[in-house]
1. Please compute the net charge surrounding residue B:223, taking Lys and Arg as +1 and Asp and Glu as -1 over other residues with Cβ under 15 Å from its Cβ.
2. With a ≥ b ≥ c the root eigenvalues of the C-alpha gyration tensor of segment A:166-329, is it rounded (a/c under 1.5), prolate (a/b larger than b/c) or oblate?
3. What ranking of B:80, B:101 emerges when the number of other C-beta atoms within 10 Å of each C-beta is taken as an exposure proxy, fewest first?
4. Just the number, please: percent antiparallel of the DSSP beta bridges in segment A:45-158, rounded to the nearest 5.
5. Other chains' Cβ within 10 Å of B:108-119 residues: what's the mean?
6. How charged is the neighbourhood of residue A:293? Take every other residue with its Cβ under 13 Å from the Cβ of residue A:293, and add Lys/Arg as +1 and Asp/Glu as -1.
7. Cross-link partners among lysines for residue B:144, C-alpha distance below 21 Å, same-chain residues fewer than 8 apart left out?
8. Calculate the FRET efficiency for residue B:110 and residue A:31 from the Cβ-Cβ distance with a Förster distance of 25 Å, rounded to the nearest 0.05.
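FYI, it's all coordinate maths here, none of it is from the lab. Model, not experiment: these values are computed from the prediction. Here the Cβ positions follow ideal geometry from the backbone for every residue, glycine too, while neighbour counts run over all protein chains shown.
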Number of protein chains: 2
Amino acid sequence: MDFSCPIPVTGTDRVLLAHGSGGRLMHQLLSRTVLPALGGAGLGQTDSAVLSCGAQRLAFTTDSFVVTPPFFPGGNIGSLAVCGTVNDLAMVGAKPLYLSLALLLEEGFAIAELEEILASLRGEADAAGVTIVTGDTKVVERGKGDGIFINTSGIGVIEHTQTLAPASVRAGDAVIVSGDPGRHGIAVLAQRTGLAFETSIESDVACLHRAVLSLLEAGLELHCLRDLTRGGLASALVEIASDAGQGIALQETAIPISPPVRAASELLGLDPLQIACEGRFVLFLPTDQADSALACLRAQPHCRDAARIGTVLAAPGVTVETALGTRRVLDMLSGSQLPRIC
Amino acid sequence: MDFSCPIPVTGTDRVLLAHGSGGRLMHQLLSRTVLPALGGAGLGQTDSAVLSCGAQRLAFTTDSFVVTPPFFPGGNIGSLAVCGTVNDLAMVGAKPLYLSLALLLEEGFAIAELEEILASLRGEADAAGVTIVTGDTKVVERGKGDGIFINTSGIGVIEHTQTLAPASVRAGDAVIVSGDPGRHGIAVLAQRTGLAFETSIESDVACLHRAVLSLLEAGLELHCLRDLTRGGLASALVEIASDAGQGIALQETAIPISPPVRAASELLGLDPLQIACEGRFVLFLPTDQADSALACLRAQPHCRDAARIGTVLAAPGVTVETALGTRRVLDMLSGSQLPRIC
């Protein structure tokens, strides 16, 4: 089984699969091609844009979902399409209100599967308290798509006055992860490859806005939030540290990786810190508020395993202190370890 | 050359290409499968949702673009992705403000083509006065996509108090089209099939919000607007008449079809009233305001050929009085005449 793809040493004139994997090549495509072409001042630092609307602040975000297969243990592309966009809104502390839904179907896709996906999507939206208000449906010929792709865009309202962004991160901040990472990626991969593990691993896909809102309601001073999608915990932390101009020291033993995910990762030769989640986030806040944040999170259904995993340092770089007391440097994904996980 | 596909007499358990063509089968997919599953009260009647945001009214819409080929005379998928969404906002009389941009790339797509598309997209957005504020990029394997698909979602602000929707249409209303229909579909089709016509036909792709805002600023009482995309003028009128519970009588000789589009349509065996546009709309308003609306429109760069083409009747059905004085019933597209035109 080969999950990697060759990484060109220099630039490339064609889109590579790794350009979509949340790692270094995707970063390059965005920073060299997409962002310069668009030149939006607000593009890049957070997944959601923050917009003024009269006296209110709105969050606006978009996400396409191309996960294969579309059904996996713990969810499907429909529930994922709601959670992914709701979570992008939640990461700027917004209360999600409205979603758009764009279906891109391949000729021949089973209507029964579409119905099942839409039912999950609706169920997840209802549970999250968001309304699907507008939509679009396109069909492409057989062989020009892959069953179903979904785009959701979302609007939320921001009722706090904090600036949740890498620029707010300070040396000394505590780094907290909201739960055990890596289950989504392993669940999709197991489904894709037909692997069966001793313990069945379900995706962590979940909406995180209530957990974030509970932190804000508790009056905590949040500096930065990031959901762990493509590229996993490692990419999120490396990106935030780099954007913040700070470093992070992590304690490997503090990261609550579940035994089944650890075992599956070892079997597959994957680093669990680089595996995508769809219901986990990291949180940066002042150290003296870490315990309150943990108490708050652990009271939420999807965050019972929340843990403090590290501290922000003034010196750049993300390092992990291993169980053996050694240190390794954490980097973002370089190639295309796990394509089409979301 | 066969542009149609077989239409099943009864239901189907698989997605057909015609399910995406803006005609009867797409209507069925939406009304039988998608809308019941989602159950949103506001879904379906207009492409844009109208949302309350404090004291303001916002419009929110989404559109995916799968046009093939991505480059065509008069534009490309980038300019199209801006105009399509801006126009959906314009059709509820909103002033477009913000766009999201989701790129769905197939492995192997040329970076140079991506750059050209993004440059067009940026140019069109700048010209329209909209800002791209958030984005997403996904990559799928070779053979699982088709070069490039784009989704844009848009937010606009509604500064008028009218209700622009089929329910506002009244018997006696004038029906106006903003320009010559069908150029977009013919331009894409010519590019796709390598056909060369005597006169080169360029797509009508254009942003229509300034034309609509000028009608509102003139104080006109607008009842309903609809941009003519998939399914063309015919589908738009049949849909509006049906949703309004009214009929429409059209004068064929009044419809400003350009001679090159007429010639190309005859050559290809297509009905020009069913061919997609991307820079044309129909407008319903009280008859005594028709001349003012026409004057207003003809002062706008993309609406110089605006014309009154018919009148709303209390009796249902859309009929066309032909040049010979006979009447034919106009229906929406049944099959998949022109797939992937937008």
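1. Spelling it out: positives minus negatives among the neighbours equals -2.
2. oblate
3. The order, fewest Cβ neighbours first, is B:101, B:80.
4. 75 percent
5. 4
6. Counting the neighbours of residue A:293, the net charge comes to -3.
7. A:138, A:144
8. 0.85
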